[in-house]
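Working notes for the structure below.
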Amino acid sequence: MLNKIFGTMTVLLTCTWPVSAADWPQWRGPDRTGVSAEIGLADEWPEEGPPVKWRIEDLGEGFGAVAVVGERLYVQGTRGRESVVFARDVATGRLLWERVLGSRLRQNKGNGPRSTPTIVGEDLYVLNGMGELARLRVGDGSVRWQFNMLDRFSSSNPRWGISESPLVDGDRLYVMPGGRRGAVVALDRRTGETVWRSSDLGDRASYSSLIVADVGDVRTLLGFTQAAGVGLRAEDGKLLWRYRAPANSTANVATPIYSDGLVFYTSSYGVGGGALRLRPAADGIETEEAYFAANLQNHHGGVVLFDGHLYGFFGQVLVCADFKTGEIKWRARSVGKGSLTVADGKLFLLGERQRVGLAEATAAGYREKGQFRIASRGEPSWAHPVVVAGTLYIRDQNVLTAYDVSARAESPE
């Protein structure tokens with residue numbers, strides 16, 4: 001399976017604004033990989049779990065994770081029938097401000113917003129489940145611009161509501177409203193004006209968020225539509241490749257993974273995961289399928305790449321697989337199907353049935369270092385865990401809990 005792609009090949013994910021190791025400014029962290037730069041975290045948890053720093057119970061409904069920069073965190077939720085974004089104090093969870101974005105999403109799998117805010121300097125970019133896209137001031141939540149992207153681009157909402165998190169790269173903001181007139185759009189992030197819409201990619205949107213990478217000297221967007229894993233030239237939206245094998249027609253959710261010339265996509269509903277190998281060619285880049293495996297099916301809990309291996313919940317179990325070959329190294333029941341992030345060489349795990357776990361991120365085998373249960377809020381626990389500044393954030397519907405997972409928390413007094 002070979003496709004010709006114009007450009008030269010070098011894949012490098014970068015972040016275009018300064019962040020510290022103590023920041024988590026967007027979906028899956030500074031570079032959208034789900035891997036934290038944190039060090040000095042506890043190696044084990046007590047039976048009851050790590051100490052609770054604070055807990056709030058007034059976020060309303062939703063599945064979105066938190067974004068954290070400095071002394072503030074940002075998260076979406078609801079107030080009655082309205083969709084709301086909240087700013088909170090990192091030390092206490094105290095409410096600093098809230099901003100109504102419009103009506104909440106109502107859906108039989110759970111109401112409310114699904115995405116994570118994106119923070120760039122003094123700006124907060126947020127997208128709710130009904131398509132309201134806004135640029136807010138981080139200081140007070142005041143609106144700099146706002147519009148409904150489904151209305152502007154004549155697009156339809158996916159069955160389970162918009163779930164992507166806005167991507168900012170330089171002066172542009174990228175989102176995927178989907179539709180026959182172009183699936184992906186670029187906006188001027190300061191004004192909200194449309195820069196381009198991908199004229200040769202007319203797929204419907206799915207639930208995955210976009211990633212940006214350098215492919216040689218071509219800045220490239222990589223995403224997962226309802227029909228395929230795709231690559232687009234960031235400058236003008238030109239379609240560079242389509243990879244149909246890992247896509248299903250129901251819900252493609254997981255954020256793609258990139259490293260060492262490989263691009264990995266995975267979905268569930270009886271499909272699986274596959275990787276494209278990128279090779280330089282005289283007239284551009286050739287892409288060849290490196291492998292495809294039906295047993296690498298990730299539903300929506302995401303996959304992370306750490307030390308050459310993929311970690312994720314493939315089917316109902318936690319799996320470690322070789323990134324270059326797709327070979328499975330081990331499987332473990334762990335916390336059951338769920339989501340995860342990596343920090344300090346450890347897997348922080350959240351099962352959708354309210355189990356939280358800690359394990360070593362090693363291909364040598366599943367080595368659990370703690371597990372505890374949280375209370376059920378009546379919906380699956382689908383918001384991804386976040387680890388930043390020695391704190392583990394677990395959002396479950398209206399509740400947000402901050403746990404102390406620093407090494408000092410396990411040390412005797």
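Would it be correct to say that Ala37 is modelled with pLDDT under 95, in a loop (DSSP other than H, G, I, E, B), under 27 Å from His300 (Cβ atoms) and small (Gly, Ala, Ser)?
Answer is yes for this residue.
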Review point. Name the residues in the range 156-189 that are assigned to a loop (DSSP other than H, G, I, E, B), in contact with a Ser or Thr (Cβ under 6 Å, 6 or more places away or on another chain) and more than 16 Å from Gly64 (Cβ to Cβ), would you?
Key: Gly170, Pro177, Gly178, Gly179, Gly182, Ala183, Val184
Check your understanding: When the residues of the range 41-71 are filtered to those that are charged (D, E, K, R) and surrounded by 18 or more Cβ atoms within 10 Å (Cβ to Cβ), which remaining residue is nearest to the chain's Cα centre (by Cα)?
Key -> Glu61
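Looking only at residues that are aromatic (Phe, Trp, Tyr) and in a loop (DSSP other than H, G, I, E, B) in the range 41-73, which one is farthest from Arg373 (Cα to Cα)? Give the steps one after another, and end with the answer.
Of the range 41-73, the ones aromatic (Phe, Trp, Tyr) are 45, 54, 63.
With in a loop (DSSP other than H, G, I, E, B) added as a condition, the list becomes 45, 63.
Details: Trp45: 12, Phe63: 18 Å.
Applying the filter and picking the extreme gives Phe63.
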**Study point:** Residue satisfying all of: in the range 72-100; more than 20 Å from Val143 (Cα to Cα) and not charged (D, E, K, R); surrounded by the most Cβ atoms within 10 Å (Cβ to Cβ) among these
**Key:** Val90
Point to revise | First in the range 238-260 and over 23 Å from Arg197 (Cα atoms), second anywhere and of a type in the set (Asp, Glu), Cβ under 9 Å, 6 or more apart | key: Ala245/Glu289
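Pick out the one residue from Gly365, Gly370, Gly336 that is part of a strand (DSSP E or B) and at positive phi.
Details: Gly365 fails: part of a strand (DSSP E or B); Gly336 fails: part of a strand (DSSP E or B).
Going through Gly365, Gly370, Gly336 in turn, the sole match is Gly370.
Give the range 337-355 a look and list any residue that's within 15 Å of Gly302 (Cβ to Cβ) and without any contact (Cβ under 8 Å) to a residue 60 or more places away in the chain, or say none.
Start the filter on the range 337-355 by keeping residues that are within 15 Å of Gly302 (Cβ to Cβ), which leaves 337-343, 347-352.
Passing the criteria: Lys337, Gly338, Ser339, Leu347, Phe348, Leu349, Leu350, Gly351, Glu352.
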Practice item. Would you point out the residue of the range 360-371, among those that are touching a residue at least 40 places away in the same chain (Cβ under 8 Å) and closer than 11 Å to Trp45 by Cβ, that is surrounded by the fewest Cβ atoms within 10 Å (Cβ to Cβ)? Key: Lys369
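Inside the range 205-233, can you point out the residues that are assigned to a strand (DSSP E or B) and either of a type in the set (Asp, Glu) or at positive phi (or both)?
Restricting attention to the range 205-233, the residues satisfying the condition of being assigned to a strand (DSSP E or B) are 211-215, 218-224, 229-233.
Matches in the range 205-233: Asp214 only.
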Review point. How many residues does the range 101-114 contain that are at negative phi and either in contact with a Phe, Trp or Tyr (Cβ under 7 Å, 6 or more places away or on another chain) or buried (at least 16 other Cβ atoms within 10 Å of the Cβ) (or both)?
Key: 8
Exercise for review: Go over the candidates Gly202, Gly270 one by one and state the one that is modelled with pLDDT of 90 or more, at positive phi, surrounded by fewer than 23 Cβ atoms within 10 Å (Cβ to Cβ) and part of a loop (DSSP other than H, G, I, E, B).
Suggested key: Gly270
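Could you check, for the range 332-342, whether at least one of its residues is more than 30 Å from Leu59 (Cα to Cα) and either modelled with pLDDT of 95 or more or surrounded by 17 or more Cβ atoms within 10 Å (Cβ to Cβ) (or both)? Can you show your working first?
First, the residues of the range 332-342 that are more than 30 Å from Leu59 (Cα to Cα): 332-333.
Next cut, either modelled with pLDDT of 95 or more or surrounded by 17 or more Cβ atoms within 10 Å (Cβ to Cβ) (or both) only: 332-333.
The answer is yes; a qualifying residue exists.
How many residues are outside any strand (DSSP E or B) and either among the aliphatic types (A, V, I, L, M) or touching a Leu at 6+ places or on another chain (Cβ under 7 Å) (or both) if we restrict to the range 120-155?
8
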Check your understanding: What number of residues within the range 379-413 are assigned to a loop (DSSP other than H, G, I, E, B) and either of a type outside the set (Phe, Trp, Tyr) or surrounded by fewer than 16 Cβ atoms within 10 Å (Cβ to Cβ) (or both)?
Key -> 14
Check your understanding: Can Ser376 be described as surrounded by fewer than 16 Cβ atoms within 10 Å (Cβ to Cβ) and of a type in the set (Ser, Thr, Tyr)?
Key -> yes
**Study point:** Met149 farther than 26 Å from Pro380 by Cβ, hydrophobic (A, V, I, L, M, F, W, C) and either surrounded by fewer than 24 Cβ atoms within 10 Å (Cβ to Cβ) or more than 19 Å from the chain's Cα centre (by Cα) (or both)
**Key:** yes
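Table: residues versus (1) of a type outside the set (A, V, I, L, M); (2) surrounded by 20 or more Cβ atoms within 10 Å (Cβ to Cβ); (3) within 19 Å of Leu305 (Cα to Cα).
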| site | (1), (2), (3) |
| --- | --- |
| Trp196 | yes, no, no |
| Tyr207 | yes, yes, no |
| Lys238 | yes, no, no |
| Val253 | no, yes, yes |
| Phe264 | yes, yes, yes |
| Gly274 | yes, yes, yes |
| Thr287 | yes, yes, no |
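Among Gly161, Gly170, which is the only one that is surrounded by fewer than 23 Cβ atoms within 10 Å (Cβ to Cβ) and not β-branched (Val, Ile, Thr)? Lay out the reasoning, then the answer.
Values: Gly161 fails: surrounded by fewer than 23 Cβ atoms within 10 Å (Cβ to Cβ).
Within the list Gly161, Gly170, the selection yields Gly170.
The values are calculated or read from the model by the stated rules, or taken from the named source; none is laboratory data. Note that the structure is predicted; figures quoted are calculated from it, not measured. Here Cβ is always computed from backbone atoms with ideal geometry, including for glycine, and neighbour counts include all displayed protein chains.
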